[in-house]
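Scroll down for the structure; my scribbles are underneath it.
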Amino acid sequence: MKISYNLLKEFVDFELSPKDVASTLTSIGIEASVVSQGCGWTDVVTVKVLNVQKHPGADKLSLCGVSDGIKEYSIVCGAKNIASGQTVPLAKIGAVLPGNFEIKKSKIRGVDSQGMICSEKELGIKEESEGVFVLDEKTKIGLPLENVLEGMDSVLEIEITTNRGDCLSHLGIAREIGAKLRKVVSVPQVKVLKKLPVLNCVEIKSNLCKRYIGSVISGVKVGASPKWLADVLAKSGTRLINNIVDITNFVMIELGQPLHAFDITKLSSKKIIIREASDLEKITALDGKEYKLDSGMLVIADEQKPVAIAGVMGGEFSGVDGNTETIFLESAIFDAASIRKTSKKLNLSSDSSYRFERGLGWDIAELALWRAANLITEIAGGKQEALEDLHAIKYERTKIALRVERVSKILGYTVEENEIGEILRFLGIDLQPRGEVILCTIPSWRNDIKIEVDLIEEIARIKGYDGTPTSKTHADYAYTLNNSFLSAIIEEFRTRLNGLGFSEALNCSFLEIAELEKFGLKHYYKIANPISKENEVLRSSLLPGLFKNLTLNISQGAETVTLFEHGKIFAESGERKTFAAIMYGRVWHEWWKWTEQKISLKFDFYFGGGIIKNILPSEEFMIAENLTPSSYFHTGKTASILFRGKVIGRFGIVKPSLTSDIKDEVFYFEMDLEPVENICVKKTSFYKAYSKFPAVKRDVSVTADKSLQFAKIEEVIKNVAKSGGILKEYSLFSAYGDETKLGEGKIGYSFRLSYKNDEKTLSDKEVNDDVEVLLNKLDSDLGVKLRQ
């Protein structure tokens, strides 16, 4: 939405430049930028001429002392009309004037000049001018010149979050600036006619309309809008239609309430009915297109047909044109979800629907109608004949009890009660202190404030996030949060994967059903009113999001993609905290010298499994056979992760049918973090010296039945290593399956065993004896024998 800087100043008195306004709004959560400057200069301010002396080296030049109220400047000036006591514009050093002319520090006839006093021509205000631009003597000094000149306006563009529909107007933005600067906001004064007759022609037949206000104005003269109105609408990007329609659009951007004007003589009856459409009912809207309606859509109708799609767009037939003399002016509160559904179904969006979808304030509907009616009678003439205000529901403002001590506890720093009260009052919230609790009555336009923590967020937002004290780094916080083992694990995963070149992904929790079904996954929570088909269910796995990230990167030319994500999934058992990673492509870049080695290592099951094994933070985590593989894993290329004997994760290669469009294998890992969330990690770390005695290596090859699970062999070796002996490490470096040499149904495994003693150098006999113990254990327990 575009905001006029000058119109904004009519609501709240401030001295910020347009750039500073944008910066202030951004700091309180409303993204803003200046898209159009109302002037062709920068850094020109108003100053007072303190004295004028003759230049020591030039008869036609003067040496002027000027002040902006904070600092004094020495300026060389050649204008004949310069005089002491004047208020003039000063372009400071670094200022840029029209024509991209930059003011630099310079010496004129041997005297330093700290800027330039400007003429109207130099500022681009007039084509010709004589002498410096002398401002009104009452003009304040130290202000940006554009702030004191009439007709100079800048345009800001704002982006809001979906819950801040109250900011889609100049009044709404003014409230935000007023709260930040502790300034009172001025609302336009309207003339309310107390004794207007009641229309008795409006009927509400649907609970999708909460409030409906209508007024008849007769004797209007439709024509072009006055210049001031046309200028404001042009700056906001709104197309000019005629004075009646332009006024309704102006009030919408001014106050935030969409309005609509009907030509009442074009209706088949004087009855206005707010109802839901019938299936296959049609209407031609103001855009000239015909739309088929259905029973869930709200319409404004006469006794025969719809004349407007409520909250979205008026009908072409009942529109105001040059022959219109009597209008019916509408201001209403419609159900936000209903308007959003209608807009999406019809693929028809408007400035009105954009605002209705985000919710409107109950009270602003009446103010906006009176504001528009006053402007119409003032600009287009006519007389307000009658009014009707129907309430389909009883509206009550939300009340929230705010605990003062809770504010400081949640924010982590002290906020005094008087400051809390000041911030909330400037936000339009009525307060009733009751001991340690403040009863807050929320204004109707802030439908995003529903619970106590929302109020605390408002306090932090207006007070300023940049002033929030910080005492810990992200890593420190992760290890101390709730004293939780889970926090330590997540930070450990992040640190190790970042060290390996992985990037962290952050995906939305909403998905399209088809994205889950592609991987054979189910959904358990469907969104009642999704904003689009891509956001219809909550994710039950992190895989679809990471896979989408992967394919996007590949499509943009990436040869290697390594990503991880920590987030929540929504499984059958409820909300679960999960960690996942995806890997694809080359493990490392192939440098020019490597071409001789003919090696191109890629992320496969074994390399990916090695990474997972190395990021697991303790021996309580183990890798084992995946007895219940997910449907998206490649058969035979998957494994599970155990924590204290319980399966908490799985990893493996995504099955080829899902990656047919991708050149290489895709490795995926996902782990449920819930089982470790509440386990305390208060462990004392002790220094342990590294052994100064050398390790002794032994390579051992054994044969086993193919039917024997490798995990059982590994379990025997692990138990021997954990028994406190001299076997410290082991690794499998070969698997051999030639039955012609090994025997039918046999397979061979080769292990590298590492032996070490922290107290002495091992002898060959000690190592050989320990190897013999291991081989005997394998033979007696599993029938695994030394390969001959």
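The values are calculated or read from the model by the stated rules, or taken from the named source; none is laboratory data. Since the structure is predicted, the reported quantities are computational estimates derived from the model, not experimental observations. With ideal geometry, Cβ positions are generated from the backbone for all residues, glycine too; neighbour counts draw on all protein chains shown. When the accessible area is computed, the model is the full protein with side chains, heavy atoms only, and any ligands, DNA or RNA have been set aside. Shrake-Rupley method; radii C 1.70, N 1.55, O 1.52, S 1.80 Å.
Listed here are the helices (runs of 4 or more DSSP H) enclosed by segment 360-475 that have at least 1 residues being touching a helix residue (DSSP H, G or I) at 6+ places or on another chain (Cβ under 8 Å) and free of Cβ contacts under 8 Å to residues at least 40 places away in the same chain: 404-411, 417-426, 452-463.
Put simply, of 383, 344, 305 the only residue that is in the same structural domain as residue 245 (by TED's automatic domain parsing), in contact with a Phe, Trp or Tyr (Cβ under 9 Å, 6 or more places away or on another chain) and open to solvent by 50 Å² or more (accessible area, probe 1.4 Å) is 305.
Any residue that is assigned by TED's automatic domain parsing to the domain that holds residue 502, within 18 Å of residue 615 (Cβ to Cβ) and in contact (Cβ under 8 Å) with a residue 12 or more places away in the chain - is there at least one of those in segment 549-559? If you could, list the steps in order and put the result at the bottom.
Filtering segment 549-559 for residues assigned by TED's automatic domain parsing to the domain that holds residue 502 gives 549-559.
Within this subset, residues satisfying the condition of being within 18 Å of residue 615 (Cβ to Cβ) are none.
Looking through segment 549-559, none of the residues is assigned by TED's automatic domain parsing to the domain that holds residue 502, within 18 Å of residue 615 (Cβ to Cβ) and in contact (Cβ under 8 Å) with a residue 12 or more places away in the chain.
Listed by first and then second residue, the pairs with beta-carbon distance under 9 Å, at least 6 apart or on different chains, first residue in segment 264-283 and over 14 Å from residue 295 (Cβ atoms) and modelled with pLDDT under 95, second of a type in the set (Val, Ile, Thr) and in a loop (DSSP other than H, G, I, E, B), are 264/324; 264/326; 265/324; 265/326; 266/324. Can you tell me which residues in segment 282-300 are within 34 Å of the chain's Cα centre (by Cα) and among the small types (Gly, Ala, Ser)? Within segment 282-300, 285, 296 qualify. Within the option set 349, 343, 331, being part of a strand (DSSP E or B) and either at pLDDT 95 or above or not β-branched (Val, Ile, Thr) (or both) holds for one residue only, 331.
Across segment 115-128, what is the total count of residues that are part of a loop (DSSP other than H, G, I, E, B), open to solvent by less than 40 Å² (accessible area, probe 1.4 Å) and not acidic (Asp, Glu)? Can you show your working first?
First, pick out the residues of segment 115-128 that are part of a loop (DSSP other than H, G, I, E, B): 118-128.
When the remaining residues are screened for being open to solvent by less than 40 Å² (accessible area, probe 1.4 Å), the result is 118-120, 123.
Okay, now just the ones that are also not acidic (Asp, Glu), so 118-119, 123.
Of the residues in segment 115-128, 3 are part of a loop (DSSP other than H, G, I, E, B), open to solvent by less than 40 Å² (accessible area, probe 1.4 Å) and not acidic (Asp, Glu).
With respect to being touching a His at 6+ places or on another chain (Cβ under 8 Å) and more than 15 Å from residue 202 (Cβ to Cβ), residue 314 fits the description. Reported count of residues in segment 487-513, each being assigned to a helix (DSSP H, G or I), among the hydroxyl-bearing types (Ser, Thr, Tyr) and surrounded by fewer than 16 Cβ atoms within 10 Å (Cβ to Cβ), is 1. From the list 104, 92, the one residue that fits, being among the charged types (D, E, K, R) and open to solvent by 60 Å² or more (accessible area, probe 1.4 Å), is 104.
Conditions (1) of a type in the set (Asp, Glu); (2) at pLDDT 95 or above; (3) over 30 Å from residue 340 (Cα atoms), marked per residue:
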{"position": "140", "(1), (2), (3)": "no, no, yes"}
{"position": "156", "(1), (2), (3)": "no, no, no"}
{"position": "161", "(1), (2), (3)": "no, no, no"}
{"position": "165", "(1), (2), (3)": "no, no, no"}
{"position": "173", "(1), (2), (3)": "no, yes, no"}
{"position": "176", "(1), (2), (3)": "yes, yes, no"}
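Each row is one residue, and each column tells you yes or no for (1) in contact with a Gly (Cβ under 6 Å, 6 or more places away or on another chain); (2) of a type in the set (Val, Ile, Thr); (3) at pLDDT below 85; (4) not assigned by TED's automatic domain parsing to the domain that holds residue 584.
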site: 411; (1), (2), (3), (4): no, no, no, yes
site: 415; (1), (2), (3), (4): no, yes, no, yes
site: 434; (1), (2), (3), (4): no, no, no, yes
site: 437; (1), (2), (3), (4): no, yes, no, yes
site: 469; (1), (2), (3), (4): no, no, yes, yes
site: 480; (1), (2), (3), (4): no, yes, yes, yes
site: 505; (1), (2), (3), (4): no, no, no, no
site: 514; (1), (2), (3), (4): no, no, no, no
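All of 146, 157 fail the test of being outside any loop (DSSP other than H, G, I, E, B), touching a residue at least 60 places away in the same chain (Cβ under 8 Å) and crowded, with 21+ Cβ neighbours inside 10 Å, apart from 146.
Just to be sure I understand, how many residues within segment 774-784 are surrounded by 13 or more Cβ atoms within 10 Å (Cβ to Cβ) and either at positive phi or not charged (D, E, K, R) (or both)? Break it down stepwise before answering.
As a first pass, look at segment 774-784 and keep what is surrounded by 13 or more Cβ atoms within 10 Å (Cβ to Cβ): 774-775, 777-779, 781-782, 784.
Filter once more, so that each one left must be either at positive phi or not charged (D, E, K, R) (or both): 774-775, 778, 782, 784.
Matching residues across segment 774-784 total 5.
With respect to the conditions (1) under 23 Å from the mean Cα position of the chain (by Cα); (2) over 26 Å from residue 163 (Cβ atoms); (3) open to solvent by 30 Å² or more (accessible area, probe 1.4 Å), residue 520 falls short on a single one, namely (1).
Might you check whether a residue that is open to solvent by less than 40 Å² (accessible area, probe 1.4 Å), at pLDDT 90 or above and more than 27 Å from residue 639 (Cα to Cα) occurs anywhere in segment 698-721? Looking through segment 698-721, none of the residues is open to solvent by less than 40 Å² (accessible area, probe 1.4 Å), at pLDDT 90 or above and more than 27 Å from residue 639 (Cα to Cα).
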